[in-house]
Amino acid sequence: MICDLTAQIDIRKVAKMVLEIPETIHFEGERIVTTWTGTNFGGRRQWFLCPSCDRRCAIIYRIGTGPLWCCRICGGGRYLSEHESPHQRRLSKLLKARKHFGQKEGGILAPFPPRPKGMHPTKYNRIRKVSLKLELEFLLDDMAAFLKMSTKDLEAVLAESKL
Ligand SMILES: [Zn+2]
């Protein structure tokens, strides 16, 4: 099962839509039980009990065999990102930071997106600085791989060419 592509119910999202989630839910002919735990801040939090293993979980997935719904572990669930190569995952992470700032296209070669309204300049500058550094490292690694040399060697070549 690929979690991202499987029908699922996130109890945290349901909790935002309804006043109260009953202790026991009858859904599609199946009985799904919930439970509560306390939080560090004196509140309490509701969970599903996986119909298959009784483990507490926030999200149940519709696998449609045995019990219809189950937790990620019972469903053998993996995330799409786990199928990405380390290279892709690194790039996705960099793009996620830019998307967070409202960038819609252009990838990491586009100018870094401007500071969103309401974000403190200090915070923006800090994130921007870290992001640009990680992007540069990524591009250097990429270029080095393309040239079939180590990043260290490439950096030495670039440093020399500045003389
Ligand atoms: Zn389970």
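Annotations for the structure displayed:
- Matching residues, region 31-43, being within 17 Å of Cys57 (Cα to Cα) and not small (Gly, Ala, Ser): Arg31, Ile32, Val33, Thr34, Thr35, Trp36, Thr37, Thr39
- Residue match in region 126-139 (condition: surrounded by 13 or more Cβ atoms within 10 Å (Cβ to Cβ) and part of a loop (DSSP other than H, G, I, E, B)): no
- Residue in region 62-78 that is within 17 Å of the chain's Cα centre (by Cα), of a type outside the set (A, V, I, L, M) and surrounded by fewer than 16 Cβ atoms within 10 Å (Cβ to Cβ) present: yes
Throughout, read-outs are computed from the coordinates displayed, never taken from laboratory work. On a predicted model such as this, the values are computed, not experimentally measured, just so you know. FYI the Cβ positions are ideal-geometry reconstructions off the backbone, even for glycines, and counts take in every protein chain you see.
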